[in-house]
Amino acid sequence: MVSESKGTSSFMTDFIQQRGGFAVIDGGFATELERHGADLNDPLWSAKCLISSPHLVRRVHLDYLDAGANIIATASYQATIQGFEAKGFSTEEGEALLRKSVEIACEAREIYYDRCTKDSWDYVEGGGSTRRPVLVAASVGSYGAYLADGSEYSGEYGDSVSLETLKDFHRRRVQILAKSGADIIAFETIPNKVEAKAYAELLEEEGIDIPAWFSFNSKDGINVVSGDSILECASIADSCKRVVAVGINCTAPRFIHGLVLSIRKVTDKPVIVYPNSGETYDAEIKQWVVSSKESSGVRDEDFVSYVGKWREAGASLFGGCCRTTPNTIREISKVLSNKSSQP
Ligand SMILES: [Zn+2]
């Protein structure tokens, strides 16, 4: 007899519960690829490495697993079939590259599991020799990420691009990633309401049978970057039954606390937070710059000092986005493990 299907609704809550009430996501990908020598000056950004240096992609995944991540996101944020086609690839080749992003992450997980078995090693002290379960999240960037002009940090196209256009733009990629062996789809850096709606409808229409998370970005701690209400955006995620976590990424750490409280008002789904380092992306020069309001980007210790507050506010999945490193993730893992072992 086939055991009763639990559906997707409890997927993430079960995972978090098994981990002791929280889970750790990986950190910035592009930053790490560059540190290992990759040149990302390209509209495909980190997706370029799927073609030119898959070994570096695997290496970065492993660095994050070693740092304590329970969830690793694939290098497909800026990988779109349309983007690959613009580079002269065929549709089939573009689709194969999307699958490859998931294969590389799964390979890294296998290497990590093998190592754990050999060394009977677990990052969490006192956690025994059980290997830490790892989820592979297939990353999907917004339409703005494909435009490669920083649009995902303004979300302005929400007024000029229709819901149907956005659905058609994302459809094939979502279909491919859903069948790629990934555990979950991560819709990241969502800048506006219309794109969240497009994802929600797409998940339903296409009968996508793996869960997803929706993560928005904000530049004022009140609304998402386009100015759309975070409450409305999070409500869209809440009403989509395939969505198992809702949250905020690529946003300055100082804004996260208030946004978590807002999201909590409209959903009981697990809240996910993976802020950036607090620097700002300048689309003109295509570089991260120190915001005028802060004398420097947030140092890892400072970043980590926020984590307890975010947890108190109701978040249960924590990681980092742009400009964070395995060191950030290691610190987050440490802080969370210490906290949960206290009475
Ligand atoms: Zn980011």
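The values are calculated or read from the model by the stated rules, or taken from the named source; none is laboratory data. Given the structure is predicted, the values throughout are model-derived calculations rather than measurements. No Cβ is skipped: glycine too gets one built from the backbone with ideal geometry, and neighbour counts run over all protein chains shown.
For beta carbons closer than 9 Å, sequence separation of 6+ or different chains, a first residue in the range 52-69 that is touching a residue at least 60 places away in the same chain (Cβ under 8 Å) and a second that is assigned to a helix (DSSP H, G or I) and among the hydroxyl-bearing types (Ser, Thr, Tyr), the qualifying pairs are LEU65/TYR112; ASP66/TYR112; ALA67/THR328; ALA67/SER333; GLY68/SER333; GLY68/SER337; ALA69/SER333.
Checked against (1) under 30 Å from GLY144 (Cβ atoms); (2) surrounded by 16 or more Cβ atoms within 10 Å (Cβ to Cβ), ASN41 passes all but a single condition, namely (2). In the range 139-208, counting only helices (runs of 4 or more DSSP H) that sit wholly within it, the ones holding 2 or more residues that are at pLDDT below 95, surrounded by 19 or more Cβ atoms within 10 Å (Cβ to Cβ) and out of contact with any Cys (no Cβ under 9 Å at 6 or more places or on another chain) span 143-147.
Looking only at the range 57-96, residues that are surrounded by fewer than 21 Cβ atoms within 10 Å (Cβ to Cβ), aliphatic (A, V, I, L, M) and either at pLDDT below 95 or more than 19 Å from VAL24 (Cα to Cα) (or both) come to 2 in all.
Among the conditions (1) away from the ligand (no atom under 16 Å from the Cβ); (2) touching a strand residue (DSSP E or B) at 6+ places or on another chain (Cβ under 9 Å); (3) closer than 26 Å to LYS241 by Cβ, the only one that HIS61 does not satisfy is (3). Among the residues in the range 32-43, are any at pLDDT 85 or above and at positive phi? Yes. Got at least one residue in the range 301-311 being assigned to a loop (DSSP other than H, G, I, E, B), modelled with pLDDT under 80 and more than 16 Å from the ligand (Cβ to nearest atom)? No, there is no match, as no residue in the range 301-311 is assigned to a loop (DSSP other than H, G, I, E, B), modelled with pLDDT under 80 and more than 16 Å from the ligand (Cβ to nearest atom).
The range 216-295 holds strands (runs of 3 or more DSSP E) entirely within its bounds, and those carrying 3 or more residues that are surrounded by fewer than 22 Cβ atoms within 10 Å (Cβ to Cβ) map to 280-282, 287-289.
Scanning the range 179-201 for residues that are in contact with a helix residue (DSSP H, G or I) (Cβ under 9 Å, 6 or more places away or on another chain) and within 30 Å of GLU110 (Cβ to Cβ) turns up LYS179, SER180, GLY181, ALA182, ASP183, ILE184, ILE185, PHE187, GLU188, THR189, TYR199.
If the condition is being among the polar types (S, T, N, Q) and at pLDDT below 95, then the range 312-324 contributes only THR324.
Is one or more of the residues making up the range 58-78 more than 30 Å from LYS334 (Cβ to Cβ), over 17 Å from the mean Cα position of the chain (by Cα) and part of a helix (DSSP H, G or I)?
No, the range 58-78 contains no residue that is more than 30 Å from LYS334 (Cβ to Cβ), over 17 Å from the mean Cα position of the chain (by Cα) and part of a helix (DSSP H, G or I).
Scanning the range 202-257 for residues that are more than 15 Å from the ligand (Cβ to nearest atom) and among the polar types (S, T, N, Q) turns up ASN223, SER226, SER229, SER235, SER239.
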